Amino acid sequence: MEKAPNVYVRSSIFGWSDLGTWGSLYTHIGKNEQKNALIGKNVITYDCNNCIVHVPNDKLVVLQGLEDFIVVESEGVLMICKKQDEQQIRNFVNDVKVKKGEKFV
């Protein structure tokens, strides 16, 4: 690209956040009155606070009594993890590969 005549650089100041983590995603999306970030059309919560829930729109999820959890369903795999332990998700994925093979990853 260094020889391309139509490439320009502009100095800017803007915030940065690595959206590669569930915690950073949680900080950037809208939340309900209980500070739950709900992604999915059919999520119902009771007494849940500070959670992030990400499920497909065709799944119904009912949660009760969770605080500071990550709940994710993707391609038939459900993961429920404490937000404070999100760095362990890589370990969970590696364990699944070892114990169950690539089918679920």
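The DSSP beta bridges internal to region 25-105 are antiparallel in roughly 35% of cases.
For Cα pairs less than 8 Å apart in space and 6+ apart in sequence, what is the mean separation divided by the residue count of the chain, i.e. the relative contact order in percent? Intermediate results must be reported in sequence, preceding the final value.
Values: 137 pairs, mean separation 16.8, N = 105.
Answer for the chain is 16 percent.
Principal-axis analysis of the Cα atoms of the chain puts helix 89-100 at an angle of about 60° to the longest axis. Rounded to the nearest angstrom and listed largest first, the equivalent-ellipsoid semi-axes of the chain from its Cα gyration tensor are 32, 21, 14. Start at zero, step by 10 Å, and the Cα-Cα distances of region 28-79 spread as 26, 61, 13 percent across the bins.
Restricting to DSSP H runs of at least four residues, report the calculated mean residue ellipticity at 222 nm for the chain, -39500 (n - 2.57) per run over all residues, nearest 500 deg cm²/dmol.
On the way: 2 runs with 19 residues, N = 105.
One gets -5000 deg cm²/dmol as the mean residue ellipticity at 222 nm.
No lab work stands behind these numbers, since they all come straight from the coordinates. None of the values given here were measured: they were computed from a predicted structure.
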